[in-house]
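Working notes, beginning with the structure itself.
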Amino acid sequence: MLRPSFGHSAVFGSAVAATALGLIGFAGASFGSAIVGETHYLTVDQKAVAGLDAMKAQYRRPASIPFPKDNPYTPEKLALGKKLYFDTRISVSSAQSCASCHSPAFGWADGLPVGVGFGMAQLGRHSPTIVNAAWGAIFMWDGRLANLEEQALGPIQSPGEMNMPVEQLMQRLGTIPEYKPLFAAAFPGEAMSPKTLAKAIATYERTVVSQRAPFDDWIDGNEQAISEEAKRGFALFNTKAQCSSCHEGWNFTNDGFQDIGLPSDDIGRGKFVPGVVKMQHAFKTPGLREITHRSPYMHDGSLATLEQVVDHYDKGGVERSSRSDLMKPLGLTPQEKSDLVAFMKTLTSDLAPTAVPVLPR
């Protein structure tokens, strides 16, 4: 069972506390408001009232993995889903698996600026990680899929990705003797179908959870777990740098959509909500766990390092009507930029995230 030990949050050092309370703070927009581009702010006084311990408490790891009621966890589903996830036979060419674009060797992404699909053709966007997808509220960079079950089938059927019509896939799997008992064990009384296939893959993906990182030990009270530079970075992350406006909670995302001013013609979420100006060029906010395993960054893979990411936000990005109200020049000093990068590096564990085999009953 995924049960990290939790302790009481320790109080920041006086220098960090002064930094955190002396700068303007912003609250993360709610999921709904982030989709339509609204921004909610907190005043300095509101932040101060909450206190630093309360701020840290917002980032504590959860004690268990959530599974939907209509697809509860079973070890049989996990075993089937894992086999399907790494099986290249689920693509039309038998050359690609889910792990081709979402590999444990690259933080469950692929290490490329943009993904590679059917026929080795480049795709239009960077392959997102599946780490901590169990906590996701909406999926794909543009939010076109509502849950992990839909996400599991999407790339399989996409002509540009795995190019495998799902009925053709089910016929193929039906000819592979090893799959029949696995499906029967995972879904007793149900036929092999696109629905059960999707449920199995989604179950496996929900078990891909980031490991404990130095940041978690610090949150739980070990003041030696991260550097003073990283502690200052955490304060900046929640205040002057405004990062926590979108990268909130233990997984560092509110699953909202923002145009962060990247110079791209891709309109992202705007394709699905064309009447909302703030959703043009807007993309889903990615989580930051295991972040150093997952370069390059952004939906288009255009930024190679965390230093470049911080520089982009500091400059404010391309000015246009859809750009998020949060995107504006921040005036960060070189030391503040270094502190932010030091903090983000504490979100990566010593080990790459791995599937958790024992889960809540």
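The table that follows gives values for the structure above.
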item	result
Label-point separation, Gln122 to Ser94 (7 Å along Cα→Cβ), nm	3.1
Flagged links, alpha-carbon separation over 21 Å, of Lys56/Lys345; Lys83/Lys199; Lys69/Lys271	Lys69/Lys271
Projected area averaged over orientations for the range 294-353, convex hull of C-alpha atoms, nm²	5.0
Order of exposure, largest accessible area first, which applies to Trp250, Trp135 with probe 1.4 Å	Trp135, Trp250
Nearest-0.05 FRET efficiency for Leu112 and Gln335, computed from C-beta distance (R0 41 Å)	0.80
Pairwise label distance in nanometres, Glu178 with Lys271, each label 7 Å out on the Cα-Cβ vector	3.5
Separation between Cα centres of the range 180-225 and the range 56-91, rounded to whole Å	2
Extension gain (nm, one decimal) between Gln224 and Gln171, 0.36 nm per residue minus Cα-Cα	13.5 nm
³J(HN,Hα) computed for each position of the range 74-91 - Karplus, 6.51 cos²θ - 1.76 cosθ + 1.60, integer Hz, glycine/proline x	9, x, 5, 5, 4, 4, 5, x, 5, 5, 4, 4, 9, 8, 6, 6, 7, 9
Residues with amide H under 5 Å from that of Ala109, placed H, sequence gap 5 or more	Ser103
Proportion of all alpha-carbon pairs of the range 237-285 beyond 17 Å (%)	41
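The values are calculated or read from the model by the stated rules, or taken from the named source; none is laboratory data. Just so we're clear, the structure is a prediction, and the values are computed from it rather than from any experiment. In this analysis, Cβ positions are derived from the backbone assuming ideal geometry, glycine residues included, and neighbour counts consider all displayed protein chains. Surface areas here come from the heavy atoms of the whole protein model, side chains and all, with no ligands, DNA or RNA. Shrake-Rupley method; radii C 1.70, N 1.55, O 1.52, S 1.80 Å.
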